[in-house]
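Note sheet for the following structure.
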Amino acid sequence: MSAPPSTEPPEWIISDGRTPYAEALAAMEAHVGAIRAGGARERIWLVEHDPTYTAGTSARPQDLHDARFPVFNAGRGGQWTYHGPGQRTGYVMLDLNQAHGSVPARDVRAYVHGLEEWLIRTLARFNIRAERRAGRVGLWVPDRAGGENKIAAIGVRVTRWVTWHGVALNVEPDLSHFGGIVPCGVAEHGVTSIAAQGVMATMDEADAALRGAWGEVFG
């Protein structure tokens, strides 16, 4: 018989250095299982990876142009994503059997909308206006040429109403590394970062902004 769900707020873990991607997948899977079994605390886990390309369940082989970095099947939704130094990846493990702030229980669409709002509010702390786009998951920043570039990606997986995977916020990555893939299957737009928007922010400052904005959305 499972223990009742934890009533404690989610724990925040910030890993130092680089977390191997395969290790992150295994750790997430184990913790999601513990939450499902009852009693384990929900978790927001902030990590940085070595350069890596990950394929979601909708990834098309032809969108991997140059496998210059290790490639992993992530098991999350979405298409191709890059992870690497200077990018903050946030793995979010919540029990959606319960409501979280403005996100009602058992509503995956509202959960993804909540992740978008979390990132919008995080970036607003750096005076960057990030926007949603219909039909495209993630956050976008218009450029002066009339186009737009992606500043944060979202890819989630939900197992028996417990979430894993999450978000990737470009703080100051090497943007040329995205050239090996079609990020999220969108070829007509580019990628950007907090640094490329002219804002010099440390990873610690990005983490503080993420943590500060969390409660405004998820309670």
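The values are calculated or read from the model by the stated rules, or taken from the named source; none is laboratory data. Fair warning: this is a prediction, and the values are worked out from it, not measured in the lab. Backbone-built Cβ (ideal geometry, glycine too); neighbour counts: all protein chains shown.
Please work out which residue is farthest from Trp12 (Cα to Cα), limiting yourself to the range 57-77 and to residues that are small (Gly, Ala, Ser) and crowded, with 16+ Cβ neighbours inside 10 Å.
The selected residue is Ala59.
Scan Val103, Val162 and give me the residue that is under 30 Å from Pro20 (Cβ atoms) and not hydroxyl-bearing (Ser, Thr, Tyr).
Val162
If you check Ser176 against the conditions, is it at pLDDT 95 or above, of a type in the set (Gly, Ala, Ser) and assigned to a loop (DSSP other than H, G, I, E, B)?
Spelling it out, it is not the case that Ser176 is at pLDDT 95 or above, of a type in the set (Gly, Ala, Ser) and assigned to a loop (DSSP other than H, G, I, E, B).
Based on this model, can you work out whether Ala26 counts as free of Cβ contacts under 8 Å to residues at least 12 places away in the same chain and not in a strand (DSSP E or B)?
yes
Every residue in the range 179-198 that is hydrophobic (A, V, I, L, M, F, W, C), surrounded by 21 or more Cβ atoms within 10 Å (Cβ to Cβ) and assigned to a helix (DSSP H, G or I), please.
Listed by number, the list holds a single entry, Cys184.
Which of the residues that make up the range 38-51 are at pLDDT 95 or above and either over 25 Å from Leu94 (Cα atoms) or more than 19 Å from the chain's Cα centre (by Cα) (or both)?
Residues satisfying the conditions are Ala40, Arg41, Asp50, Pro51.
Considering only the range 78-92, I want to know if a residue exists there that is within 22 Å of Ile13 (Cα to Cα) and of a type in the set (D, E, K, R).
The answer is yes; a qualifying residue exists.
Quickly run through the range 199-210 and pick out the residues that are surrounded by 15 or more Cβ atoms within 10 Å (Cβ to Cβ) and closer than 24 Å to Ala145 by Cα.
Listed by number, the list holds a single entry, Val199.
Name the residues in the range 142-168 that are over 27 Å from His31 (Cα atoms) and touching a Leu at 6+ places or on another chain (Cβ under 8 Å), would you?
The answer is Lys150, Ile151.
Here are Ala206, Ala201, Ala168: which of them is assigned to a loop (DSSP other than H, G, I, E, B), touching a residue at least 24 places away in the same chain (Cβ under 8 Å) and hydrophobic (A, V, I, L, M, F, W, C)?
Ala201
Tell me, which residue of the range 144-173 that is surrounded by fewer than 17 Cβ atoms within 10 Å (Cβ to Cβ) and modelled with pLDDT of 95 or more is nearest to Ala74 (Cα to Cα)?
The qualifying residue nearest to Ala74 (Cα to Cα) is Thr159.
Restricting attention to the range 141-159, and to residues there that are over 21 Å from Glu205 (Cβ atoms) and free of Cβ contacts under 8 Å to residues at least 40 places away in the same chain, which single residue is nearest to the chain's Cα centre (by Cα)?
Restricting to residues being over 21 Å from Glu205 (Cβ atoms) and free of Cβ contacts under 8 Å to residues at least 40 places away in the same chain, the top hit is Pro142.
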